[in-house]
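Down below is the structure, laid out as C-alpha cells.
The values are calculated or read from the model by the stated rules, or taken from the named source; none is laboratory data. Since this is a predicted model, take the numbers as computed values, not measurements. Cβ sites come from the backbone with ideal geometry, for glycine too, and all protein chains shown count toward neighbours.
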Amino acid sequence: MSAQDTRSYSGLKASQVGKAACARLASVASSFEFLEASDLDHGNYPRLWLSTFPFIVKISTLRAMKLLMYLGFMVLGILSLRGMRWAYVTFVLLGLLYFPAAVGFRIHPQPCELAPSLALAIYSLTNYAHIVLFVLFFLMTSAQFRMSHWSGFAWAAFASITMGALVELAEGISGKGHCRLRDLIPDAVGILVGCGIVFLWNKVRRKPQAI
C-alpha cells in the first residue's frame, strides 16, 4: 500500500469514527428534543454542539439551585438549634413544600404502604438516613421547648413524629419518594436517640462545679 493510499485510508477511517461519535451524541441530544434528525444528515455538526449547550446550562443551574437549597436548610437548622422560632417554622414549611416543588407541583398521588410485616419493620431499622435526620430534627425541636421537665420531652417528641407523618403524606401526595408507614419506625428511633442526647446534655449542664 502506497503512502498516499495509507493517508487516504486513515482519513476515511477518522471520518467514519468522527461521524459515529457525532451520531452517538446526536442520539443522546435528540432524546431531549434539542436536535433535529436532519441536522446530522446535512453535516450540520456545529448546530449539534449549540443545541446541546442549553441542556448543559440547565443541568448546571439545577445543581447550583440544589446546592443553595441545601445551604439554606443548613442555615435554618443551625438557627433553629439556637432556639429561633421563625427559623424552625420556616424549616418545617419549606421541608414539606420541597416534595411538591421537586415534581414541579405536578402531583402524582401514590397509595401509602400501611401495616408492615414484622420482617419489614425490622428491616426499616437499617434506614440510617431517617434515624440521623430525626435525631437532628428532635434537637431542633427541643430548642423550641423548655426541656427542664418531662412535658417538654413529650411535646418535642410529638412534634417530631408528627413531622415524620407529614413527610410521608407529602411523599404520597406528590409522588416524590415512597409513603410508607414503616418509615416512622426509624423516625421514632431517631427521636429516642435525640431524647437521650438532650437528657444527658441537661444533666451535664446542671452538674455542680467542683470548688
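What the table shows:
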{"item": "Matching entry among F137, F99, F105 (being within 17 Å of the chain's Cα centre (by Cα), in the same structural domain as L169 (by TED's automatic domain parsing) and not in a helix (DSSP H, G or I))", "result": "F105"}
{"item": "Hits in the range 156-211 - residues which are within 21 Å of N127 (Cα to Cα) and not in a helix (DSSP H, G or I)", "result": "G175, K176, G177, H178, C179, R180"}
{"item": "Test: residue in the range 52-59 that is at pLDDT 70 or above, exposed (fewer than 11 other Cβ atoms within 10 Å of the Cβ) and in a helix (DSSP H, G or I)", "result": "yes"}
{"item": "Only one of Q110, Q144 that is assigned to a loop (DSSP other than H, G, I, E, B), of a type outside the set (K, R) and within 21 Å of L76 (Cβ to Cβ)", "result": "Q144"}
{"item": "When residues of the range 147-167 are limited to those that are buried (at least 18 other Cβ atoms within 10 Å of the Cβ) and more than 16 Å from P186 (Cα to Cα), the one nearest to the chain's Cα centre (by Cα)", "result": "A156"}
